[in-house]
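What follows is a single structure, written as structure tokens, with notes after it.
Throughout, read-outs are computed from the coordinates displayed, never taken from laboratory work. In this text the structure is predicted, and so the values were computed from the model without any measurement. Because the Cβ atoms are built from the backbone with ideal geometry, glycine has one as well, and the counts that use them run over all protein chains shown.
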Amino acid sequence: MSWDALDITILGPALLAGLLVGQILWVGMDQLWPIALLYIVWTLAVLGMVSGHFMPRRM
């Protein structure tokens, strides 16, 4: 199994999502909204990179 950048960009957010859900269930969303916001921004950035990687823009 090769660990290239694509694997990390997919597994990274998945692991962060698991940790985020666990923290929300344990502590409560009201104290962790900055982490959730960072995760959402991270996810959008990763999706943008992955979609740009697989579907190059055509002028």
What length, rounded to one decimal in nm, is gained on full extension from Ile40 through to Leu16, with 0.36 nm per residue of separation minus their alpha-carbon distance? 7.6 nm
FRET efficiency, 1/(1 + (r/R0)^6) with R0 30 Å, evaluated for Met49 and Gln23 via beta carbons: 0.75
